[in-house]
1. Which residues, counting only those in the stretch 150-173, are open to solvent by 10 Å² or more (accessible area, probe 1.4 Å), part of a loop (DSSP other than H, G, I, E, B) and farther than 22 Å from W292 by Cα?
2. Can you find a residue that is closer than 19 Å to A331 by Cβ and open to solvent by 40 Å² or more (accessible area, probe 1.4 Å) anywhere in the stretch 186-204?
3. Could you give every pair whose Cβ atoms fall below 9 Å, whose first residue belongs to the stretch 178-206 and is acidic (D, E), and whose second residue is at pLDDT 95 or above, counting only separations of at least 6 or pairs across chains?
4. What number of residues within the stretch 295-328 satisfy the criterion of being open to solvent by less than 40 Å² (accessible area, probe 1.4 Å) and hydroxyl-bearing (S, T, Y)?
5. Could you identify the single residue in V117, V71 that is in contact with a helix residue (DSSP H, G or I) (Cβ under 6 Å, 6 or more places away or on another chain) and more than 21 Å from M193 (Cβ to Cβ)?
6. Yes or no: the stretch 226-237 includes at least one residue that is over 27 Å from Y134 (Cβ atoms), in contact with a Leu (Cβ under 9 Å, 6 or more places away or on another chain) and either open to solvent by 20 Å² or more (accessible area, probe 1.4 Å) or among the aromatic types (F, W, Y) (or both).
7. Among the residues of the stretch 289-346, write down those that are among the acidic types (D, E) and within 25 Å of Y162 (Cα to Cα).
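The values are calculated or read from the model by the stated rules, or taken from the named source; none is laboratory data. On a predicted model such as this, the values are computed, not experimentally measured, just so you know. Here Cβ is always computed from backbone atoms with ideal geometry, including for glycine, and neighbour counts include all displayed protein chains. Protein only, heavy atoms only, side chains kept; ligands, DNA and RNA dropped before computing areas. Shrake-Rupley method; radii C 1.70, N 1.55, O 1.52, S 1.80 Å.
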Amino acid sequence: MIRIASTAAAIAAATAIAVSSLVHAQAPQSSAQQGLPSERPAQFRPATESFDYERRDVMIPMRDGVKLHTVILVPKGARRAPILLTRTPYDANALTTHAHSAHLGPILQGYDNAVDVIVEGGYIRVVQDVRGKYGSEGEYVMNRPLRGPLNPSSVDHATDTYDAIDWLVKHVPETNGKVGILGISYDGFLPLMALFNPHPALKVSVPMNPMVDGWMGDDWFHNGAFRQQNMPYIYEQIATRDNSELWWRSHFDDYDEYMAAGSAGDLGTQRGLEQIGFWRKLLEHPSYDAFWQEQAVDKLLAKQPLAVPVMLVHSLWDQEDIYGAPAVYKAIEPKDTANDKVFLVMGPWHHGQEIDEGSSLGALKFGSDTAAYFRQQVLRP
């Protein structure tokens, strides 16, 4: 009995060793052990020699050391070409990659439907993230005020635009040193900021549907009536650098959601908006006090010399920024004594439709594309 048990134990031990050896011997080796290199290159370099443009992603330093992410699109063969600049809080990468294409036009299509003017004009297209958004360093402040009582820092959108233009004319060898700036809505507010102590290379500013006075009629309050529909925008625009935190809805219809909340303040509390600095400012300044008056762009421009030609573009059915463009025109037109620097375009469009298809407005059919006419016959010249 003892001898049989010992023999059984020995057999079991020998079997275990054999199985273990077999398993280890049959275990698959890693690709490195087998001598198979990775099929992915350490750094992939796209072959873009056939493209009709060159894309450059750069970080442009501002005077305070903060670097702003900037996309530069240079048409192939460009020589002494002017620059068209847009500064944006809406992601420079997204605005310059609407398609994967070897051609400049398709990658600008979408928001940038003024692409017909840009491509046909041979412009170097530059789109820059404002400080604190997407690829840019620094801190984001909604409609960052000019340096002064509301902004004790050394920088604002005027200085950032100046510094960006200064870098571009010195570091883009294909340019002729002349820059125009244009944009819509928030991106239209930024060409107005460029008019304060403008860079000598800035030759034209085209603010379209610009945010000008957030209390009097643009975006936040319409003469005192707070627009609750902007709460999701405020939430998503400020909560994160890349707008990755999304507003959530509890009702199919926004009207029902706002009614169920009881008030804008209650809804803000339910959504955690008190964490956002701009929301706290809105709650603190519901009336037209110094906070709003001292950053109203039309009032500020009225005090400035007129150095750069300006074409203001206004949509007559603009549900968001109905106030700003006419207000700025009224403020600066008297300075245009030679009648060659200040222009106001007014069209039958909704917010931003001047760079979209403009043959109709809702049920109204115009019989021609009014927006295309504007871009080709007014904007382009």
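1. Correct list: P173 only.
2. yes
3. What qualifies is D187/T86; D187/R87; D187/T88; D187/P89; D187/Y90; D187/P207; D187/M208; D187/P210.
4. The total comes to 1.
5. On the way: V71 fails: more than 21 Å from M193 (Cβ to Cβ).
Going through V117, V71 in turn, the sole match is V117.
6. Taking the stretch 226-237 and keeping what is over 27 Å from Y134 (Cβ atoms), we get 226.
Checking the rest, the ones that are also in contact with a Leu (Cβ under 9 Å, 6 or more places away or on another chain) come to 226.
Remaining after also requiring either open to solvent by 20 Å² or more (accessible area, probe 1.4 Å) or among the aromatic types (F, W, Y) (or both): 226.
Yes, that holds for at least one residue.
7. Step one: of the stretch 289-346, the residues among the acidic types (D, E) are 289, 294, 298, 318, 320-321, 333, 336, 340.
Residues satisfying the conditions are E294, D298, E333, D336, D340.
Each row is one residue, and each column tells you yes or no for (1) among the polar types (S, T, N, Q); (2) at pLDDT below 95.
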| site | (1), (2) |
| --- | --- |
| N197 | yes, no |
| K203 | no, no |
| M208 | no, no |
| G214 | no, no |
| G224 | no, yes |
| R227 | no, yes |
| W248 | no, yes |
| T269 | yes, no |
| Q275 | yes, no |
